[in-house]
Amino acid sequence: MKKILAIAAVAALSAGVSAYAANPFSDVTPNDWAYQAVESLSEQGVVEGYPDGTFKGERNITRYEMAQIIARMLAKEDQLNAQQRATLDKLAGEYADELANLGVRVSNLEKKVGNLAWSGDARMQYQRNIDTDNAKSDSWTGRMRINVSGQVNDEVSVNGRFVSEMDFKDSDDKDTTMDRIFALWKPNDATHVSIGRQGVALDQTGVFWDEDGIYDGISAGWDNGSFGIEAGYGYLTSAAEYYAVDSDDIASIYASKKDTENWYAKLTGHLGDTADVSAFYLKPTHKLNGNGVANSEAKGAKVSVWGAGTSIDLGGNLALNGDYVQSRFNHDIGHAALWTAGLTYGAVDVEKPGTWTLGVHYVDADYASYALGNSALDLTDQLDYGLLNGADVKFWVARAGVALQKNVELDAYYNFAGKADGIDGSSVEDPDDAWGVELNYSF
């Protein structure tokens with residue numbers, strides 16, 4: 001299709017969107033039949049010319065150029081009427097792959113009904129686990145998550161996520177919860193304020209605190225693409241749910257959820273397109289309960305946590321990332337460090353079947369360094385083993401993933417070569433290996 005014809009069609013689609021401009025291109029004159037269309041769309045920022053000031057309307061338009069035009073129209077979707085939006089959605093579906101490469105999520109990823117957007121994922125997982133006594137067991141589980149976002153106005157949205165978890169092997173019980181419900185205010189691209197049940201990212205790798213975990217509270221941040229700052233106040237709900245069990249249980253670090261009350265602050269730097277660096281400070285406002293944890297050594301402790309990390313693109317599809325996190329206790333445990341570093345080759349893009357990734361990381365965790373954690377590791381068995389046996393642990397993590405089909409990903413992971421050292425000089429058996437495999441779907 002000639003570029004000038006495509007522009008005329010898009011101009012008809014956007015009729016009614018106001019624009020006023022002078023002649024934008026040297027090779028488009030008021031006598032040209034498509035002059036008004038080009039003039040209007042140029043003013044709206046939908047079409048752009050060439051560096052020499054020309055439009056070149058007689059050349060054939062590429063699919064990528066058309067996708068750029070559609071992407072700019074999608075940004076103005078709220079100014080269109082219902083019929084225009086329906087036409088735009090059809091175009092977005094036709095150019096979905098090109099839009100995905102531009103980072104634009106369209107109807108094949110988010111199903112829109114009015115001002116609501118839907119998306120989700122599902123997972124079937126097998127894991128070969130170890131427990132506190134190093135005994136092996138296996139699990140077959142499933143999970144489905146459905147995300148919904150409602151646009152209140154140009155700056156405010158309300159977001160939620162429903163999660164349903166199933167155990168295919170050991171139980172017929174099904175657990176459905178809502179692990180996200182928050183209001184998000186974004187007055188501009190750099191600023192955000194979020195209130196409610198949400199996710200926060202503290203470290204670069206998520207080995208200490210997973211962004212997919214639950215944080216109940218308020219967070220606010222600003223990031224201009226070169227430098228960012230964020231702060232929050234609330235409850236470490238995922239850590240509370242994982243550890244706050246019966247008071248005589250070995251895992252009762254918290255007496256109740258309120259004991260996870262905290263505030264945090266985080267700084268982030270973006271070094272061009274090749275590296276990110278960040279640092280955070282987390283301060284719980286209550287003492288740890290600690291009943292039963294390694295002979296109650298953590299009972300009544302005050303703790304603060306700080307960390308720093310980086311992610312670096314080394315080129316050639318190779319990336320390096322790592323974190324150092326230190327939990328500072330005010331008693332005999334002292335300063336407990338958790339650090340990880342590793343390399344990843346490639347990346348899985350579920351929009352591109354056949355893309356794949358391989359990675360390996362090393363994890364070194366002092367006893368109690370994971371006490372407030374909620375790790376993004378696919379298996380946390382070795383971390384739990386060290387925490388609940390009063391031991392420092394070290395182990396390797398290997399991971400591989402491949403996009404089998406569009407929106408279908410197969411992942412496998414393996415924690416191996418674990419070592420354990422008792423903090424009181426006692427002998428602790430080294431943790432055994434653990435592994436898992438899972439099939440993930442996105443929709």
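The values are calculated or read from the model by the stated rules, or taken from the named source; none is laboratory data. Just so we're clear, the structure is a prediction, and the values are computed from it rather than from any experiment. All Cβ positions, glycine included, derive from the backbone under ideal geometry; neighbour counts span all protein chains shown. The protein model used for the area step is the full one, side chains on, heavy atoms only, and it has no ligands, DNA or RNA in it. Shrake-Rupley method; radii C 1.70, N 1.55, O 1.52, S 1.80 Å.
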Quiz item: Quick one: would you say VAL156 is surrounded by 14 or more Cβ atoms within 10 Å (Cβ to Cβ), out of contact with any helix residue (DSSP H, G or I) (no Cβ under 6 Å at 6 or more places or on another chain) and either at pLDDT 95 or above or among the basic types (Lys, Arg) (or both)?
Solution: no
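Yes/no matrix, rows are residues, columns are (1) at pLDDT 70 or above; (2) under 16 Å from TYR370 (Cα atoms); (3) among the charged types (D, E, K, R); (4) buried (at least 17 other Cβ atoms within 10 Å of the Cβ):
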| residue | (1), (2), (3), (4) |
| --- | --- |
| LYS283 | yes, yes, yes, no |
| LYS287 | yes, yes, yes, no |
| LYS302 | yes, yes, yes, no |
| GLY309 | yes, no, no, yes |
| ASN321 | yes, no, no, yes |
| TYR324 | yes, yes, no, yes |
| ALA336 | yes, yes, no, yes |
| THR340 | yes, yes, no, yes |
| THR344 | yes, no, no, yes |
Quiz item: If you take the residues in the range 249-279 that are under 20 Å from LEU372 (Cβ atoms) and β-branched (Val, Ile, Thr), which one is modelled with the highest pLDDT?
Solution: THR260
Quiz item: How many residues does the range 219-232 contain that are over 17 Å from the mean Cα position of the chain (by Cα) and either modelled with pLDDT under 90 or surrounded by fewer than 17 Cβ atoms within 10 Å (Cβ to Cβ) (or both)?
Solution: 7
Exercise. Evaluate the range 169-186: report whether one residue or more is among the aliphatic types (A, V, I, L, M), open to solvent by 60 Å² or more (accessible area, probe 1.4 Å) and under 20 Å from the mean Cα position of the chain (by Cα).
Key: yes
Quiz item: Exactly one of (1) modelled with pLDDT under 95; (2) over 23 Å from ALA231 (Cβ atoms); (3) surrounded by fewer than 16 Cβ atoms within 10 Å (Cβ to Cβ); (4) among the β-branched types (Val, Ile, Thr) is unmet by VAL348. Its number?
Solution: (3)
Practice problem: Return the pairs, sorted by first residue and then second, in which the second residue is assigned to a loop (DSSP other than H, G, I, E, B) and of a type in the set (Gly, Ala, Ser), the first residue lies in the range 157-182 and is closer than 20 Å to ASN129 by Cα, the beta carbons are less than 7 Å apart, and the residues are 6+ apart or on different chains. | Solution: none
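Filter the range 209-218 down to residues that are open to solvent by 50 Å² or more (accessible area, probe 1.4 Å) and modelled with pLDDT under 95, then give me how many there are. Give the steps one after another, and end with the answer.
First, pick out the residues of the range 209-218 that are open to solvent by 50 Å² or more (accessible area, probe 1.4 Å): 211-212, 218.
Now narrow it down to the ones that are modelled with pLDDT under 95: 211-212.
Count: 2.
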Quiz item: Which condition breaks for ASP392 when tested against (1) without any contact (Cβ under 8 Å) to a residue 60 or more places away in the chain; (2) assigned to a loop (DSSP other than H, G, I, E, B)?
Solution: (2)
Quiz item: Looking only at the range 383-409, which residues are open to solvent by 30 Å² or more (accessible area, probe 1.4 Å) and of a type in the set (Phe, Trp, Tyr)?
Solution: TRP396
Exercise. Mind counting the residues in the range 187-208 that are open to solvent by 50 Å² or more (accessible area, probe 1.4 Å), charged (D, E, K, R) and at pLDDT 95 or above?
Key: 1
Quiz prompt | So ALA412, is it open to solvent by 30 Å² or more (accessible area, probe 1.4 Å), closer than 21 Å to SER137 by Cβ, at pLDDT 90 or above and of a type outside the set (Asp, Glu) | solution = yes
Quiz prompt | Single residue of the range 116-134 satisfying the filter (more than 23 Å from the chain's Cα centre (by Cα) and either open to solvent by 50 Å² or more (accessible area, probe 1.4 Å) or at pLDDT 95 or above (or both)) that is farthest from SER427 (Cα to Cα) | solution = ARG128
